[in-house]
Every structure is written in C-alpha cells, then in structure tokens.
1. Where in the stretch B:1-75 are there strands (runs of 3 or more DSSP E), lying fully within it, with 3 or more residues that are among the aliphatic types (A, V, I, L, M) and surrounded by 14 or more Cβ atoms within 10 Å (Cβ to Cβ)?
2. Quick one: which strands (runs of 3 or more DSSP E) lie wholly within the stretch A:71-113 and hold at least 1 residues that are on the phi < 0 side of the Ramachandran plot, β-branched (Val, Ile, Thr) and within 14 Å of chain B (Cβ to nearest Cβ)?
3. If we scan the stretch A:49-57, do we find a residue that is hydrophobic (A, V, I, L, M, F, W, C), within 24 Å of B:Gly58 (Cβ to Cβ) and facing chain B (nearest Cβ under 10 Å)?
4. Got at least one residue in the stretch B:95-105 being under 26 Å from A:Leu47 (Cα atoms), within 12 Å of another protein chain (Cβ to nearest Cβ), under 15 Å from the mean Cα position of the chain (by Cα) and small (Gly, Ala, Ser)?
5. Specify the residue that is nearest to the other protein chains (Cβ to nearest Cβ); the eligible residues are those in the stretch A:18-48 that are hydroxyl-bearing (Ser, Thr, Tyr) and in contact with a Phe, Trp or Tyr (Cβ under 7 Å, 6 or more places away or on another chain).
6. Within the stretch A:3-29, track down each residue that is part of a loop (DSSP other than H, G, I, E, B) and in contact (Cβ under 8 Å) with a residue 40 or more places away in the chain.
7. Assess whether A:Leu47 counts as being crowded, with 18+ Cβ neighbours inside 10 Å and in a strand (DSSP E or B).
8. Can you find a residue that is away from chain A (no Cβ under 14 Å) and under 12 Å from the mean Cα position of the chain (by Cα) anywhere in the stretch B:27-34?
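Please treat every number below as a calculation from the coordinates, not as lab data. Keep in mind it's a predicted model, so treat the numbers as computed, not measured. Cβ placement follows ideal geometry from the backbone for every residue including glycine, while neighbour counts extend to all protein chains displayed.
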Amino acid sequence: DQQVKQNSPSLSVQEGRISILNCDYTNSMFDYFLWYKKYPAEGPTFLISISSIKDKNEDGRFTVFLNKSAKHLSLHIVPSQPGDSAVYFCAAYSGAGSYQLTFGKGTKLSVIP
Amino acid sequence: EAQVTQNPRYLITVTGKKLTVTCSQNMNHEYMSWYRQDPGLGLRQIYYSMNVEVTDKGDVPEGYKVSRKEKRNFPLILESPSPNQTSLYFCASSSPGISYEQYFGPGTRLTVT
C-alpha cells in the first residue's frame, strides 16, 4: 500500500524552462510534506516543505503547491538549471506525535543544457 | 560542521557474517532513523529511535537490529545478513520539536553475496 506516490519515474526539461514534479498521497492524516533532492553517491538533502495549513510555499527558484482536496502536491523549479539534475523525493508526516516519514519512490529530473 | 556520518561507506560481505553499520550525528538530535533505498522502491524506513533507549520498528525491520545507548549514535546490526539485504542504507536524524527536516548521512552501500 503505497501512501505517497510519484508516478513519473523520470522527467527531462530544457535548461531555463519550468520543471514540475508531482506527488499524490492517500493518507488523509498526512499534515506536513517535504521535498528532498538526491545526487548520486550522496544522501538526500532537504529542499522545501509545506504544512497542510498552507497551499503554497516559495523558496527562491523552488515553489511547492499543496491541493489538500485532491491530495496532491507539486514542486515547481523555475528556471531549471543543469545542477538541478537529481532524484527528487516527496515525503510526508502524519503528525499527531508521529515522526515517521513516508517517502515516495522518487522522480529523476534531467535538465538538458 | 553539522553532519551525520556513517561507516563504512561501502561493504561487501558474505551470507551469515554479522556486521554493524555505525551512524553518528553531532547535532544533539533526539530522533534517529535508518532507511534502505532499493531501485523502484524509494526509501523505506527500517527502524527509528525517538531518544536514548527508545527504538521502534519501521516498515521493513525484518533481519535488522538497532540500539540507542547514546544520543549521538544509532548503529544498525545485521546478525545474519542475506543477499536480499543488499541495498543502499541511509541514517538520518532530526529534532522534531524544532523542525520536521531530517538530515541524512552519505549512505552505506552493502553487498551480501
């Protein structure tokens, strides 16, 4: 039972264009969401997060949108740069004292120069 | 520098030979966790610890043990490794009272033959 789903295993985008990575979840108890970025041979690094009380959070070139009714979130990267090429993981907490983080399977983003 | 360290980074072993992967963090985090990453499956939690002497199973605990005798250390023990435990392992830590963000170590690539 996959509670956090990233249905696109890979995505290719031209440098300078927008990258949109999608994530769907099934557990309505999830109340905090994070995006992690992972380069080969390194551990995941935190990118951006959003609480369920918000529908948008922005940090520089990165924006995360949350649609609670659709149980969907997306990460927008504008403009995309070659250094953004990595695997992106969506993750969620269910709150209520639980600190167990549930991850999606990841989307490999390739930004083409 | 705030960091999570893991040792060894790479390990090749044989079936049944007990091994320990160490994890240490220097951020005084209460929460520590172990994940494994497998192709097409994303990151799955093995065990986690809310504090010293408090540990609990994650989603895939079979074949693993952990201990948390000191706040900074959280070793992962494979008493009798099997080939299906060949994977990339990550340790992570966080301070849930301050931030939901988990900090990850660089990973340990384990091969069991």
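1. B:42-51
2. A:86-95, A:98-103, A:107-112
3. No, there is no match, as no residue in the stretch A:49-57 is hydrophobic (A, V, I, L, M, F, W, C), within 24 Å of B:Gly58 (Cβ to Cβ) and facing chain B (nearest Cβ under 10 Å).
4. The answer is yes, given that some residue of the stretch B:95-105 is under 26 Å from A:Leu47 (Cα atoms), within 12 Å of another protein chain (Cβ to nearest Cβ), under 15 Å from the mean Cα position of the chain (by Cα) and small (Gly, Ala, Ser).
5. So the first thing to find is which residues in the stretch A:18-48 are hydroxyl-bearing (Ser, Thr, Tyr), and the list is A:19, A:25-26, A:28, A:32, A:36, A:39, A:45.
Now drop any that are not in contact with a Phe, Trp or Tyr (Cβ under 7 Å, 6 or more places away or on another chain), which leaves A:32, A:36, A:45.
Details: A:Tyr32: 5, A:Tyr36: 8, A:Thr45: 7 Å.
Step by step, filter the stretch A:18-48, then rank; the result is A:Tyr32.
6. Those that are part of a loop (DSSP other than H, G, I, E, B) and in contact (Cβ under 8 Å) with a residue 40 or more places away in the chain: A:Gln3, A:Gln6, A:Ser8, A:Pro9, A:Glu15, A:Gly16, A:Arg17, A:Ile18, A:Thr26, A:Asn27, A:Ser28, A:Met29.
7. Values: crowded, with 18+ Cβ neighbours inside 10 Å: yes; in a strand (DSSP E or B): yes.
It is true that A:Leu47 is crowded, with 18+ Cβ neighbours inside 10 Å and in a strand (DSSP E or B).
8. no
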